[in-house]
Amino acid sequence: PAIRLMPSRWVWRISASIALIAFISYFGWKHTRSFEVSPKIISESSAIGSVNKILLSDGSIVWLKNKSTLTYPENFGKDTRNVTLQGEALFEVAKDANHPFIIQCGDLTTKVLGTSFNIRQTDDENVEVVVLTGQVSLHSASKVQEEKKPVFIVPNEKAVYNNATVQVATMEAPQEETIAVMKGTDYDMHFEDTRMDEIVSRIAGKFNVKVSMENEKLGNCVVTADFTDQSLTKTLDILSKVLSVEFEVEGDSVTLSGKGCE
C-alpha cells in the first residue's frame, strides 16, 4: 500500500502546539513552586521609648527596642534563619545547631546557633553587640573585610563595629551595661523563694500562653529556680523537676498538675 506523508505545515503546527503546551506547563509549575517556597515577609517596628516582644516561628524571642524595626519571614527556610534589624533589640535565639540564626544590622552580620545577646545600631551606623549567653560570630559585609576571619565574642564581652574604619573591636562588657540591656524585657527569669502563682504569670506573659493549674494549691508553692534564656518546653521541664509537677502543652495552653503546697 502507498504511504501518505503528512504535509509539512501540519507537522510544524503539531510541533508548535506541543512546544507551547510544554512551555505553559513548565511556567505554571515554576510559578507554583516559587509561590510555595517564597515565605511571607513581616516587618515590625517599636515606638520611641517602648519595647515590643516578637515571637518568631522557631521559638526565638526578640525584644525590639526604642524606634527599631525587625524584618523577618513568617516561617524560616530549610537552611538558615535570617532576619534584618534596624535599631536595637535583645535576642533570645532558640537553640538549633543545624540552622544558624543570622542577623543583618547595617554592614555587620551576626551569626549564632542558639544564644542571647543585645544588638544596638548607633546614629553613626556603628553597631554594638553585648553577649549574655553562648558564643556570637561577627563579620562585616564590607568588601574590605571579605578575606578576614569572623570575630567571636562570649558572655560578658562586648564588640563594637566601627562603620567608618570597617573594624570590629572586642572588650569586656561592664556589668551595668549587661543589666541595662535587659531593661523593659522579661529576659531575666531568675526566681528566689517566689510563689508559683507569680512564676506562672511570668511564664504566661513571656511565651504568650495560657497556664492553668489543676490543683489550686500549686500556687502556694515557693520555688527558687532560674529559667533565664530557656524555651517554654525547657522552662516547664525544669519546673517539673524542681516541684515534682507534670505539664501538658496543647497549642497555646499549658496545664500543670501536682500535689501543691499548703
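Under 1.5 on a/c is rounded, so check that first for region 63-166, then, if it is not, pick prolate when a/b is larger than b/c and oblate when it is not; a ≥ b ≥ c are the square roots of the alpha carbon gyration tensor eigenvalues. Verdict is rounded for region 63-166. Distance from the C-alpha centroid of region 192-249 to that of region 97-167: 34 Å, rounded to the whole angstrom. Accessible area of region 171-213 with a 1.4 Å probe: how many percent of it is carbon plus sulfur? Of all accessible area on region 171-213, carbon and sulfur atoms account for 48 percent.
Over region 137-247, all Cα pairs binned in 5 Å intervals from 0 give whole-percent P(r) values of 2, 9, 16, 16, 11, 10, 10, 9, 7, 5, 3, 1, 0, listed from short to long. Peptides 153-161, 51-59 ranked from most to least packed by the mean count of surrounding Cβ atoms within 10 Å: 153-161, 51-59. Extension gain for ILE179 to ILE42 (0.36 nm times residue separation, less C-alpha to C-alpha distance): 46.4 nm.
The values are calculated or read from the model by the stated rules, or taken from the named source; none is laboratory data. Bear in mind the structure is a predicted one, so any value in this text is a computation, not a measurement. Cβ coordinates were reconstructed from backbone atoms using ideal geometry, including for glycine residues, and neighbour counts include every protein chain displayed. Protein only, heavy atoms only, side chains kept; ligands, DNA and RNA dropped before computing areas. Shrake-Rupley method; radii C 1.70, N 1.55, O 1.52, S 1.80 Å.
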